[in-house]
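Undergrad: What follows is a single structure, and I will ask about it in a moment.
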Amino acid sequence: MNLLEECKIINFSESGDERGKLVAIEGNKTIPFDVKRIFYIYGTDQKVIRGQHANKDSEFVLICLSGNCKVRLTDGLNEKTVVLDTPKVGLYIPKMVWKDMYDFSSGSVLLVVTNTYYNKEEYIRDFNEYLSIQKELL
Ligand code: TYD
């Protein structure tokens, strides 16, 4: 099983006119789950690596609203890196994928939508623990 094959780029439709551009996203439609929580990451220094965890229950869509950043994904076996540099796309990440967000450009804003309310118990923050869980599953 390659969990990373389920990590998908979602292209949003853009409504633009002479006043500017607009993207609307809807739960269970554009976003492939019921949206329960939204948070955004900003003011992040370029040297910082965020994320560094996997989630037992949360699925995510990451949208870089301004600037750019990179997302490194691994399921313990496979690895890939995605550059987010436009508010016109979202990166869907299923549960149990390990993710690192890094190389944030100055002024960047990363929007995250997820299917869960915040629960710190569903986070796996120890990579070795993650690998041992994945070894059972993969
Ligand atoms: P953290 O999970 O470390 O952020 P990231 O993975 O995006 O780098 O969260 C940073 C802090 O914010 C931590 O104290 C927990 C808190 N937090 C919430 O209270 N609610 C949330 O929905 C999230 C994602 C984090």
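Undergrad: Can you report the number of residues in the range 93-109 which are outside any strand (DSSP E or B) and under 29 Å from E136 (Cα atoms)?
TA: Total satisfying the criteria: 4.
Undergrad: Would you list the strands (runs of 3 or more DSSP E) that sit entirely within the range 1-66 and hold 1 or more residues that are away from the ligand (no atom under 16 Å from the Cβ)?
TA: The strands (runs of 3 or more DSSP E) meeting that bar are 8-11, 14-17, 20-23, 60-66.
Undergrad: On to the next question. Only one of (1) polar (S, T, N, Q); (2) free of Cβ contacts under 8 Å to residues at least 24 places away in the same chain; (3) surrounded by 14 or more Cβ atoms within 10 Å (Cβ to Cβ) is not met by S13, so which one is it?
TA: For S13, the failing item is (3).
Undergrad: Do any residues in the range 108-132 that are farther than 23 Å from K88 by Cα have Cβ atoms under 6 Å from those of residues that are in a strand (DSSP E or B) and more than 11 Å from the ligand (Cβ to nearest atom), where the two are at least six apart or on different chains, and which pairs are they?
TA: From residues that are farther than 23 Å from K88 by Cα, the pairs are Y130/W98; Y130/I124.
Undergrad: Can I ask one more? Take the residues in the range 97-111 that are surrounded by fewer than 20 Cβ atoms within 10 Å (Cβ to Cβ) and farther than 24 Å from G16 by Cβ; name whichever of them is farthest from the ligand (Cβ to nearest atom).
TA: Looking at the filtered set, the residue picked out is S106.
Undergrad: From the set of residues in the range 112-126 that are more than 10 Å from the ligand (Cβ to nearest atom) and in contact with a strand residue (DSSP E or B) (Cβ under 7 Å, 6 or more places away or on another chain), which is nearest to D75 (Cα to Cα)?
TA: Only one residue fits best here, namely I124.
Undergrad: Out of T74, T44, T81, T30, which single residue is surrounded by 15 or more Cβ atoms within 10 Å (Cβ to Cβ), more than 22 Å from N115 (Cα to Cα) and not aliphatic (A, V, I, L, M)? Explain how you work it out, then say what you get.
TA: Working: T74 fails: more than 22 Å from N115 (Cα to Cα); T81 fails: surrounded by 15 or more Cβ atoms within 10 Å (Cβ to Cβ); T30 fails: more than 22 Å from N115 (Cα to Cα).
After ruling out the rest, the residue left standing is T44.
Rule-based calculations on the coordinates, nothing more; no lab input. Since we're looking at a predicted model, the values are computed, not measured. No Cβ is skipped: glycine too gets one built from the backbone with ideal geometry, and neighbour counts run over all protein chains shown.
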